[in-house]
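First the structure, in the form of structure tokens, and then the observations on it.
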């Protein structure tokens, strides 16, 4: 074990709170108003040789019985150091899994794989300049080890130039995950925002600094209402700072920020911003062009359930694309921009469902209108039963359950009903009566919500009256 870890554990007896603060203060020569004392860098970072020895001492005993394992471990560790990879989280898989992967350690980024039921739960490995930060999380007194890990990362960010930290944006997110084990999300977000402000004040513009700012946005996005409300102002500052120059925001990064601003606009019920951000994402296929990368890199933000164009009956908030079209169409209907809704239905399958998209696109199929009802039935069966084996029974359960305010399908029926009514208004306003009549028949049969239907009926009556005048 690292000497400073032994000393702090001995002084605190594994306790956090005042014993932890007092022990850290005795080790520290420097403090900050952000989160108190800093640990001396020279005491928490180690050389390649020390890092290799520490990792082996923490881990190798678990698999020493397998003759081929130690050589594999040594080789992977040496490769790790030679290529300057930032392991972020170094963990063993269960022993049987180790054998299946030929006994090699797995170096993983951002994945939380459970260790064997031994004393150590996980081992963090971070590359800092030409040194390493190696930190264990022991199963006993876990909160102490999480808090100490956080204090080490905090000390690194406050004392080391970010260009010397491998992937600081990922590391700051790791700091967030470590700290939420011992304090509230709100407190953690405040600490990290202040750390990033401190780094910004003493750093030149760089790729690392820009990505640190993007991580700050992600943390605000995921840390509760108080921080969520600050997103618009915060993103405006980032856009201004990274508007031009070598490190200007890329289209992918602008797409990420637009999606976050869309979510914020939905939260505020701001139709203007919903349209501004939503149409930005839709136009030029920005979201489609970057969706895979964004889902991998920012899965905390984007809704990653696959889209379901095969049915119009679904929870529209589960997939980021369907979520966007749901709220953009709602905002367009509020603004009475019905032709724009029709254009979206023609151009994008996930704006409604496959059959409506085909009909709007002019596909020649005399059975297409009947297929819309079949797709609704299949969607309901999938929701109720998870399969298409018992469609009739599923439809019966749906008819019995969907009118219930707090029933198991309430959220899906409310979202679907509202979305279909927005489509119906657009069809009526643009005089696409054939599809309107078929869709309203299906709506009344399977998706009827009195409040939504009354609004639709009032809209139709108002337009008829207006035309009569």
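Each reported figure results from applying straightforward, stated rules to the coordinates on display, with no laboratory input. Keep in mind that this is a model prediction, so the values were computed, not measured. When we count neighbours, we look across all protein chains shown, and the Cβ atoms used for this are built from the backbone with ideal geometry, even at glycine.
A few remarks follow.
- From least to most packed, judged by other beta carbons within 10 angstrom and beginning with the fewest, 269, 445 follow the order 269, 445.
- Quotient of C-alpha Rg and 2.2 N^0.38 Å, computed over the chain: 1.22
- Every helix of 4 or more DSSP H residues in the chain counts as -39500 (n - 2.57), and over all residues that averages to -19000 deg cm²/dmol at 222 nm.
- Relative contact order of the chain, pairs being alpha-carbon contacts under 8 Å that are 6 or more residues apart, as %: 8 percent
- Net length gained if the chain between residue 310 and residue 295 were fully extended (0.36 nm per residue, minus Cα distance): 3.2 nm
- Evaluated at q = 0.17 Å⁻¹, the base-10 log of the normalised Debye intensity for the range 278-373, with identical point scatterers placed on the Cα atoms, takes the values -0.79.
- For the range 213-274 versus the range 309-365, the spacing of their alpha-carbon centroids is 25 Å.
- Distance between modelled label sites at residue 185 and residue 246, nm, 7 Å Cα→Cβ extension: 3.7 nm
- Calculated FRET value between residue 268 and residue 339, using beta carbons and R₀ = 30 Å, to 0.05: 0.70
- The range 126-157 versus the range 161-180: alpha-carbon centroid distance in Å: 11 Å
- Hypothetical label at residue 365: residues of the range 378-410 whose amide nitrogen lies under 18 Å (7 Å Cα-Cβ projection): 378-380
- Between residue 56 and residue 30, residue separation times 0.36 nm minus the direct Cα-Cα distance comes to 6.2 nm.
- Kirkwood-based shape ratio for the range 129-260, expressed as Rg/Rh from alpha carbons: 0.98
- The translational diffusion coefficient of the range 318-393, from Stokes-Einstein at 10 °C and 1.306 mPa s with a Kirkwood hydrodynamic radius over alpha carbon pairs, comes to 115 µm²/s.
- Bins of 5 Å, starting at 0 and running to the largest distance - Cα pair percent for the range 303-468: 1, 9, 18, 23, 22, 16, 8, 3, 1, 0
- Spin-label model, residue 455 to residue 400: label points 7 Å out along the Cα-to-beta-carbon direction sit 3.0 nm apart.
- Mean separation of Cα contacts under 8 Å, 6 or more apart, over the residue count of the range 303-468: relative contact order %: 23 percent
- Where the Cα pairs of the range 200-279 fall when distances are cut into 10 Å bins, in %: 18, 50, 27, 5
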